[in-house]
Every structure is written in C-alpha cells, then in structure tokens.
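Have a look at the structure below before the remarks.
The values are calculated or read from the model by the stated rules, or taken from the named source; none is laboratory data. Please read all numbers here as calculations on a predicted model, not as lab measurements. All Cβ positions, even for glycine, are placed from backbone atoms using ideal geometry, and neighbour counts span all protein chains on display.
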C-alpha cells in the first residue's frame, strides 16, 4: 500500500471512530499551539527514527493546506526563544485567512529548544481567541508533559467557563518522565500527557498518536471539517 493510501485510510478510520466536529465549530477561528521544546529534537526508540520535529513538519505540510482553506488559523510556538528555558512563548500570529504558508514557514524554520510551558502557552492562545473572536478552538500539539510549573487541569476548569474548546494531540508520549531510554516499545499504551484534562474538561478530543499518519489524521480531526474526510 502506498504511503498516501495509508494516510487516507487512517483519516477515514479516525473520522468514523471519533465524534464528528460540528460544522459551525469547523469554521470558527482556531489557534495551533505547537511544541518546539527540546524534546522535539529527540529521535525514536533506540535512536532509529528521525527527530520528532521532522514528523510534525511532514504532518503539518500534509494537513494544514487543506484545512486553512476553510477556517482562519493562528500559531503560537512554545519552547525556544525565551530569556530562560521556560519563557519561550512566541505568538507568531493570531487567526488569519489562508494561513497555510505562514504556518509551514514558521514550523519549518523553528529549532527545538527549551522546556515545556504548555499551560501558559494554551492560556495565551485562548486569550488571543477571546480578544479577537470571542472564543474558538485551541489545538495543542505536544510530545510530553508540563515542565514549567503550570497546572493544566486548573486552566481547563477556567477555560470550560469560557467559549474555548481545547483539543490535545499527544505525540509519542512516554511514561512519567517521557524518556525513550527508559521506556519499552509498548509503554505508549498506558502513557498520556497530563494535559489530557484540557481536552476532557473543555469538550475537546485527546488523540494519542505514534506515526506521521496518526498525526495527519489528528490534525484533520481537530481542525478539519467533515467535508475533508
């Protein structure tokens, strides 16, 4: 089976196994919160695969051009560019029309670095949506847990009272410390990022992904319209 056929098959299967997004939600503004922390430079088990950032770039390049035709998208990247390891929060732009090229350019250029202030990143993205659109959808892409003292479940309770839905895409999440060197091949079955509560408490999806195909399907599920499936 060709890679493209596998990707399409994964997307179709995902659309049948997860709740379909409402048509109105698929058109509302969305912010992508993208993990570019240092762990995204790590490779797979036994260092066989390419760095995780390569997989993320490929998935974004496949899914986002179609999605961006149908809704306004913004981008916030966390990890690098901070004054210290936990202050790297970079709002690249709020939701705009035809955002595919700007998103791809930013993600292709970013170099993973720093810790994982994902709670503050999601809070900042939600504030952008509230100030520009009165609400919307945040899609958090992360390969691990909060490492900068944030409390994602507390934030989830706050966002649940606002018009914000958070979807979480967990990529190759591993165990308590998410360390490839100390985890077996099957540990991903029982591991998930603590940020799952951001999805659970705001009515969003938590999607555990392991492959590029999984990632592509997850971006379609969380950002796409049913017409894309």
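Values for this structure:
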quantity: Residue list for the range 129-151, restricted to those being closer than 23 Å to residue 113 by Cβ and touching a strand residue (DSSP E or B) at 6+ places or on another chain (Cβ under 6 Å); calculated: 138, 139, 140, 141, 142, 143
quantity: Hits in the range 62-100 (condition: outside any strand (DSSP E or B) and under 14 Å from the mean Cα position of the chain (by Cα)); calculated: 63, 64, 79
quantity: For residue 30: the one exception among (1) within 21 Å of residue 148 (Cα to Cα); (2) in contact with a helix residue (DSSP H, G or I) (Cβ under 7 Å, 6 or more places away or on another chain); (3) at pLDDT 90 or above; calculated: (1)
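Condition check ((1) under 14 Å from the mean Cα position of the chain (by Cα); (2) at pLDDT 95 or above) across all residues:
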{"position": "176", "(1), (2)": "no, no"}
{"position": "181", "(1), (2)": "no, no"}
{"position": "185", "(1), (2)": "no, no"}
{"position": "195", "(1), (2)": "yes, no"}
{"position": "200", "(1), (2)": "no, no"}
{"position": "215", "(1), (2)": "yes, yes"}
{"position": "218", "(1), (2)": "yes, yes"}
{"position": "226", "(1), (2)": "no, no"}
